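Q: The structure's right below; bear with me while I get my questions together.
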Amino acid sequence: MVGLSVGEKYFIQGGINQNLRSDGRKRDTYRPIFVETGVIPQANGSARVRIGTTEVIASVKAELGRPSALHPDKGKVAIFVDCSPVAEPTFEGRGGEDLSTELSVALQHCLLGGKSGAGAGIDPSSLVVAEGKVCWDLYIDGLIVSSDGNLLDALGAAIKAALSNTGIPRVHVTAAASGDEQPEVDISDEEFLQFDTSEVPVIVTLTKVGRHYIVDATSEEESQMSSAISFSINRKGHICGLTKRGGSGIDPSVISDMISVAQHISEQLITKLESEISAAEAGEDEL
Amino acid sequence: MEYVSPEGLRLDGRRPMEMRQLRAQIGAVAKADGSAVFEMGNTKVIAAVYGPREVQNRSQQIGDQALVRCEYSMANFSTGDRKRKPKGDRRSTEISLVIRQTMEACILTHLMPRSQIDIYVQVLQADGGTRSACINAATLALADAGIPMHDLVTSCSAGYLNSTPLLDLNYVEDSAGGPDITVGILPKLDKVTLLQMDAKLPVDIFENVMQLAIEGCKAIATYIGEVLLENTKQLEYRKGL
Amino acid sequence: MASKPGSAPTTYTPTPTRKSRPPIFKDSDVDWVRPDGRGFHQCRPAFFRTGAVNAAAGSAYAEFGNTKVIVSVFGPRESKKAMMYSDVGRLNCNVSYTTFATPVRGQGSDHKEFSSMLHKALEGAIMLETFPKTTVDVFALVLESGGSDIPVVISCASLALADAGIMMYDLVAGVSVSCLGTNLVIDPILEEESCQDGNLMMTCMPSRYEVTQLTVTGEWSSAKMNEAMQLCLDACSKLATIMRSCLKEAASATQD
C-alpha cells in the first residue's frame, strides 16, 4: 500500500510529464540492475536480481517425471511465484495469493509461448529423455524478497539468469524397456547440460501515467498508473507475450506505438542483462 | 549410521563442538523498518520487521502494550525436494508461534502501547536449525528497526548422536532422529527464554548438551554484537560523524 | 428481484433466432479449411440473449458455436464488512466451468486465471465511482467449452452488466485470434486452440475505440501483431453491434 499526499501525486505526475522522474531518471531509463547467480545451491539453477530496491530470487529445479499423454515428446515447465510477507506486510497469510497468481500467469504467458510451444524461451522438447516415458519437469519458482515496483520485469530477468545458471544432469537410459514399462535411467553426477538462454525473452513493462508511459516504475509511480502493458520480447525483436494490467482503456494506435518503444528498450535490456549474467557467472566461478 | 567418525569428525567435516560458518547482513529489504539476512552454513533466512505501527485489526489492539505478530514461511525452493505449499502448514504455524513468543519476551512491549510490530521470516534455504537461524535473524532485524529490547536473544541447537554431544545440527544430523535441543537465551541477563527438546535424554547428559547449546548461543551473541557494531559504525561514517 | 417480463423467456433455446455475422474479409486463397468450414477471418455465428437468470439483477446467455456461457450479475450491493472503506465500487468476478464443459470430465472448479482476466477486461469499462462502498458480483459459468471461452465470457458479462443497469462507458466486446503457422484464424474453436502457435485476445470498447485488455502468447512479429490487432478491432466493433441490437430488442420487448 502506498499512501501519497495530493502534492506528492502532482510531483510524480509532473515529473513524468517533464521527463524528469522523482529519482532523477528519464522516462525510458531503468534503475541499476544487479544480478547474482547460484544463490541457492540446492537448486539446479538460481539467481537473484535486484532492480533498484526491488529484489527477487528465481530458482530452477528439475525433476524426472512422465510426459503427459497429449504431448509425449515434450517436458513440462511450470512457473510459480510466491510473494513473501517480508517484502510487503499485506502479503501476510493469504494476502499475497492474488498477486502470486497474477504474476505466475503473466510469466507463463510471457515465457512459455503458445500451446504448441512456439515462441517459448525454453524448448520443451529438449527436456525429453525417453519419448513418452521419461522427461524432465522444470519447476521455476520466483520469490519476491523486496518489492518496489516493476516486479514482472525483475522476475523475468531473474528467470532468464537462473536458466542460464541451470545445469541439468545428463541422463543415460540404461535399459530400454519395452511396452508400458518405465525404463531404468542413470543420472550422471558429472555431466551437465546447459540451456541456451539467448532465446529467452526479456520482459519490458511500460506503465502509462497520464499521457506518457515510463519503464521500470517504482511502487509510488505504479500507484499513479492508469494502465500498464508488459511485453515479452526476444532477441529478434519478436513479441513472445503480452499482458495488460490496470483498468483504463488504451487507444490501439498507442499500443502499436508502445510496441515499437518496447522493442527498442528490450534491445538495450537484453544486452545489459546478458553482460550482467556473464559477469555474475564469471564471479561465481572465481569463488 | 555413523555421525561421528572415529577421528572425531562429523559428516560435514566439523568437530562435535564446532559451529557452522555464520554470516549476517543488515538491511536487505529496503522498504522494511528493519531487516536482516542470517546464514548458518547452508541455512539461510531473511527477516523483516514492520513497526511499531498502528494496529491493523482493531479488535487485536492491546491497551497497555504492543502487539507482536510473526509469520514464518519457507520458499518453494528452500528444501531438497520442492515444497508445494510455501506457508500455512502446521509446522510453519508452530514455528511462527515459537518465534513470536521468544521475541515478545525480550521486546519492551509496554513502551509501545496500542501499536503493532510485525516480524516476517522467510527461509531461503533450509539445512537444519531453521528455528535458531530465524530467531537470530529476527533479533538482528528488530535491532535494525530500533525496537527497544531487554537484550539480544540468540538461539542455537545441539544434539546427542553416537554418544557425543553435537553443536548446531545440520539437516542430516537433525533428521537422524536423535534428541535435539533448541535453546534461546538472553546472553547479557543469562536467562533462558526458549527451550525445546524432543526424544528422551538422561538428565546428566541433558545438562551437558544444554550447556553446549548455551555456549553456542553465547558465541552467536558475540558475532551478532560485532555485526551490529560494524553496522552502526557504517551508519556513523555515512553521517559523517 | 422481480422478473422482467418479456425480456426473460422461460427457456433460452437459441435455435430459431440464430444471428449470423457477415465475414469480415472475403475468403482469400485458402489452402486448407477450418474444421467447421469457416473462412479464416470469419467468426462463428453469435447469439446473445439477456435475462437468462431471473434471480439476478442482470444476466445474459451467449452462444458462439459450441461455446455456451451464462453470466449473472448481482448488485451493486453492500460490500462485505471486512472490506475497507472505498469511495469507488468494487467489482468481483468469478469464472467457473461446469463439470461437463470440457470433452474430458473436468473438476468444474473456479478458474482463477480467467476470473482475473475478466476483472481486468471489465473494470475499465464500468463507472465504478457511481456506486461507492458497494460491490458488483459477476458470476460466469461456462456451460460448454468450445474454444475462445474467455472472449465470449467477457462479451457476455458486459451484456449482463448492461442488463443489470450498471453504468458503463461502453459495451466490452472480446475476440481472440489464433496463429497457426503463417495463418491467422479468428475466433478459434477448441481443436484450433489446442494446436495453435500463438494467441492474441483483445477486448475493447468499440465506440470509444479503446482496448481494455490484451493478452498475447507465442511469438509474433510486429507486422503480424498489427494485422491481428486490426482483425480483432474490426471483429469487436461488429460484435458490439450485435450485442447492442440484442439489448435494443430486449428493451423494445419490455415496452410492448
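The values are calculated or read from the model by the stated rules, or taken from the named source; none is laboratory data. Since the structure is predicted, the reported quantities are computational estimates derived from the model, not experimental observations. Note that we place each Cβ from the backbone using ideal geometry, even for glycine, and neighbour counts take in every protein chain shown.
Q: Counting only residues that are surrounded by fewer than 20 Cβ atoms within 10 Å (Cβ to Cβ), in contact (Cβ under 8 Å) with a residue 60 or more places away in the chain and under 20 Å from the mean Cα position of the chain (by Cα), how many does the stretch A:277-287 have?
A: So the count comes out to 2.
Q: I'd like the full set of residues that are crowded, with 22+ Cβ neighbours inside 10 Å and not in a strand (DSSP E or B), limited to the stretch A:196-205.
A: A:Val200, A:Pro201
Q: Oh, and also: Conditions first: (1) in contact with a strand residue (DSSP E or B) (Cβ under 6 Å, 6 or more places away or on another chain); (2) of a type outside the set (D, E, K, R); (3) at the interface with chain A (Cβ under 7 Å from one of its Cβ atoms); (4) in a helix (DSSP H, G or I). C:Ala250 passes all but one, so which condition is the exception?
A: (3)
Q: Determine whether B:Pro16 is outside any loop (DSSP other than H, G, I, E, B) and surrounded by 15 or more Cβ atoms within 10 Å (Cβ to Cβ).
A: So B:Pro16 does not fit the description; no.
Q: Taking the stretch C:162-194 on its own, how many of its residues are touching a residue at least 24 places away in the same chain (Cβ under 8 Å) and either surrounded by fewer than 21 Cβ atoms within 10 Å (Cβ to Cβ) or farther than 18 Å from C:Val211 by Cα (or both)?
A: The total comes to 19.
Q: On to the next question. From (1) assigned to a loop (DSSP other than H, G, I, E, B); (2) under 22 Å from the mean Cα position of the chain (by Cα); (3) more than 12 Å from every other protein chain (Cβ to nearest Cβ), pick out the condition that doesn't hold for A:Glu36.
A: (1)
Q: Quick one: would you say B:Gly41 is out of contact with any Pro (no Cβ under 8 Å at 6 or more places or on another chain), under 19 Å from B:Gly146 (Cβ atoms) and either among the β-branched types (Val, Ile, Thr) or in contact (Cβ under 8 Å) with a residue 60 or more places away in the chain (or both)?
A: Taking the combined requirement at face value, the residue does not satisfy it.
Here's the yes/no breakdown for (1) modelled with pLDDT of 90 or more; (2) under 30 Å from B:Ala75 (Cα atoms); (3) of a type outside the set (A, V, I, L, M):
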| site | (1), (2), (3) |
| --- | --- |
| A:Gln13 | yes, no, yes |
| A:Leu20 | yes, no, no |
| A:Arg25 | yes, no, yes |
| A:Thr29 | yes, no, yes |
| A:Ala47 | yes, yes, no |
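Q: Out of A:Ile122, A:Ile144, A:Ile140, A:Ile159, I need the residue that is touching a strand residue (DSSP E or B) at 6+ places or on another chain (Cβ under 7 Å), within 14 Å of chain C (Cβ to nearest Cβ) and of a type in the set (Val, Ile, Thr). Which one?
A: That would be A:Ile122, the only listed residue that is touching a strand residue (DSSP E or B) at 6+ places or on another chain (Cβ under 7 Å), within 14 Å of chain C (Cβ to nearest Cβ) and of a type in the set (Val, Ile, Thr).
Q: Let me ask something else about it. Taking the condition polar (S, T, N, Q), modelled with pLDDT of 75 or more and more than 30 Å from A:Tyr10 (Cβ to Cβ), does A:Thr197 pass?
A: Yes.
Q: Taking C:Pro206 and the conditions (1) out of contact with any Cys (no Cβ under 6 Å at 6 or more places or on another chain); (2) under 30 Å from C:Leu128 (Cα atoms), which numbered condition does it fall short on, given that it satisfies the others?
A: (1)
Q: Report the residue count in the stretch B:40-59 for those that are more than 13 Å from chain A (Cβ to nearest Cβ) and surrounded by fewer than 24 Cβ atoms within 10 Å (Cβ to Cβ).
A: 2
Q: Would you check which residues across the stretch B:78-123 are in a loop (DSSP other than H, G, I, E, B) and either modelled with pLDDT under 90 or touching a helix residue (DSSP H, G or I) at 6+ places or on another chain (Cβ under 7 Å) (or both) and list them?
A: Of everything in the stretch B:78-123, those that are in a loop (DSSP other than H, G, I, E, B) and either modelled with pLDDT under 90 or touching a helix residue (DSSP H, G or I) at 6+ places or on another chain (Cβ under 7 Å) (or both) turn out to be B:Ser78, B:Thr79, B:Gly80, B:Asp81, B:Arg82, B:Lys83, B:Arg84, B:Lys85, B:Pro86, B:Lys87, B:Gly88, B:Asp89.
Q: Could you look through the stretch A:40-64, keep only residues that are closer than 18 Å to B:Val45 by Cα and within 8 Å of another protein chain (Cβ to nearest Cβ), and pick out the one that is surrounded by the most Cβ atoms within 10 Å (Cβ to Cβ)?
A: Going through the qualifying residues, I end up with A:Ser59.
Q: If a residue counts only when it is within 13 Å of chain A (Cβ to nearest Cβ) and within 23 Å of C:Cys246 (Cβ to Cβ), which strands (runs of 3 or more DSSP E) contained entirely in the stretch C:57-153 have at least 1 such residues? Break it down stepwise before answering.
A: Working: elements: C:58-64, C:67-78, C:90-97, C:134-144.
It comes to C:90-97.
Q: Of the residues in the stretch C:47-56, how many are of a type in the set (Val, Ile, Thr) and part of a loop (DSSP other than H, G, I, E, B)?
A: Applying the first criterion (of a type in the set (Val, Ile, Thr)) to the stretch C:47-56 yields C:50, C:53.
When the remaining residues are screened for being part of a loop (DSSP other than H, G, I, E, B), the result is C:53.
Summing the residues that are of a type in the set (Val, Ile, Thr) and part of a loop (DSSP other than H, G, I, E, B) in the stretch C:47-56 gives 1.
Q: Can you report the number of residues in the stretch C:10-58 which are touching a helix residue (DSSP H, G or I) at 6+ places or on another chain (Cβ under 9 Å), closer than 30 Å to C:Met167 by Cβ and at pLDDT 85 or above?
A: Going through the stretch C:10-58 one residue at a time, the tally reaches 12.
Q: Does A:Pro72 qualify as being in contact (Cβ under 8 Å) with a residue 60 or more places away in the chain and out of contact with any helix residue (DSSP H, G or I) (no Cβ under 9 Å at 6 or more places or on another chain)?
A: Taking the combined requirement at face value, the residue satisfies it.
Q: Oh, and also: Does B:Met19 count as away from chain A (no Cβ under 14 Å) and out of contact with any Asp or Glu (no Cβ under 7 Å at 6 or more places or on another chain)?
A: no
Q: Can I ask one more? Of the residues A:Ser260, A:Ser253, A:Ser266, A:Ser248, which single one is within 14 Å of chain C (Cβ to nearest Cβ), under 16 Å from the mean Cα position of the chain (by Cα) and among the polar types (S, T, N, Q)?
A: A:Ser266
Q: With a cut-off of at least 2 residues that are charged (D, E, K, R), name the strands (runs of 3 or more DSSP E) lying wholly within the stretch A:50-145.
A: The strands (runs of 3 or more DSSP E) meeting that bar are A:54-65, A:76-83.
Q: Taking the stretch B:106-132 as the search range and keeping residues that are more than 14 Å from every other protein chain (Cβ to nearest Cβ) and under 14 Å from the mean Cα position of the chain (by Cα), which one is surrounded by the fewest Cβ atoms within 10 Å (Cβ to Cβ)?
A: Within the stretch B:106-132, the match that is surrounded by the fewest Cβ atoms within 10 Å (Cβ to Cβ) is B:Cys106.
Q: Moving to a separate point now. Any chance you could count how many residues in the stretch B:91-105 are more than 15 Å from B:Ala143 (Cα to Cα) and buried (at least 17 other Cβ atoms within 10 Å of the Cβ)?
A: Residues that pass the stated criteria total 6.
Q: Can you say whether A:Ile214 is buried (at least 22 other Cβ atoms within 10 Å of the Cβ), touching a helix residue (DSSP H, G or I) at 6+ places or on another chain (Cβ under 7 Å), of a type in the set (Val, Ile, Thr) and within 14 Å of chain C (Cβ to nearest Cβ), as far as the supplied structure shows?
A: So A:Ile214 does not fit the description; no.
Q: Of C:Ser96, C:Ser79, C:Ser72, C:Ser115, which residue is in contact (Cβ under 8 Å) with a residue 12 or more places away in the chain and touching a His at 6+ places or on another chain (Cβ under 8 Å)?
A: One residue alone meets the criteria, C:Ser96.
Q: Moving on to the next point. Can you name the residue in the stretch B:141-164 that is surrounded by 20 or more Cβ atoms within 10 Å (Cβ to Cβ) and small (Gly, Ala, Ser) and, of all such residues, is nearest to B:Leu189 (Cα to Cα)?
A: B:Ser155
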